[in-house]
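One structure is given below, represented as structure tokens, and several questions about it will come after.
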Amino acid sequence: MFVVILLKGQNRYARERWQQVPEVVEYEGHGFSLRAGPRQPLSTTQVWEQVAVYAPDELTEEEFQEIYELNRSHIAELALKY
């Protein structure tokens, strides 16, 4: 299983668990592309599943990076070390 984070904007995201992580998906009527991962977080006090991060197709890489950083403080998986 993979933990999938779908970034929609600042403070707007969805967390899912999927069996597969395709390059492109449709979620809630919107197209999303795989932007990061899947990657295995380093061990902490708990065992983490592999994490994949998706963002809307229309975002540039710079916009994705900005949204990623804005959400990093409240999405645990984005703050982990890989």
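Values quoted throughout were computed directly from the atomic coordinates according to the rules given, and no laboratory measurement underlies them. Quick caveat: nothing in here was measured; it's all calculated off a predicted structure. No Cβ is skipped: glycine too gets one built from the backbone with ideal geometry, and neighbour counts run over all protein chains shown.
At Ala79 and Leu34, where each label point lies 7 Å from the Cα along Cα→Cβ, what is the point-to-point distance in nanometres?
For the pair Ala79/Leu34, the computed spacing is 2.7 nm.
Report the antiparallel proportion of the DSSP beta bridges in the stretch 2-79 as a percent, rounded to a multiple of 5.
Just about 75 percent of them are antiparallel.
Any idea what angle helix 61-71 forms with the longest principal axis of the chain, computed on alpha-carbon atoms, 0 to 90 degrees, nearest 10?
So the helix axis and the longest Cα principal axis differ by about 50 degrees.
Sticking with this structure for a sec: Based on the Cβ-Cβ distance from Phe2 to Glu63, what FRET efficiency comes out when R0 is 25 Å, to the nearest 0.05?
With a Förster radius of 25 Å, E is 0.60.
Same structure again: For the chain, how big is the tail of P(r) above 16 Å, as a whole percent of Cα pairs?
Percentage above 16 Å: 47.
Kindly provide the pair-distance distribution of the stretch 1-44 built from C-alpha pairs, with 10 Å bins from 0 and whole-percent values in order of increasing distance.
23, 57, 18, 2
Please give me, ordered by residue number, the GluC sites (Glu not before Pro) of the chain that lie in loop per DSSP and have at most 12 other Cβ atoms within 10 Å.
Passing both the DSSP loop test and the Cβ count: Glu23, Glu28, Glu58.
Now for a different question. Tell me the label-point distance for the pair Leu70, Gln10, using the 7 Å Cα-to-Cβ offset, in nm and rounded to one decimal.
Placing both labels 7 Å along Cα→Cβ, they lie 0.5 nm apart.
Whose amide H sits under 5 Å from the amide H of Gln50, counting only residues 5 or more places off or on another chain, with H placed in the peptide plane?
Val3
Cut-off is 10 Å between beta-carbons; in what order do Leu7, Leu80 appear when sorted fewest neighbours first?
Leu80, Leu7
Loop-only trypsin sites (Lys or Arg not before Pro) in the chain, please: DSSP not H, G, I, E or B, and at most 11 other Cβ atoms within 10 Å.
Filter output for the chain: Lys81.
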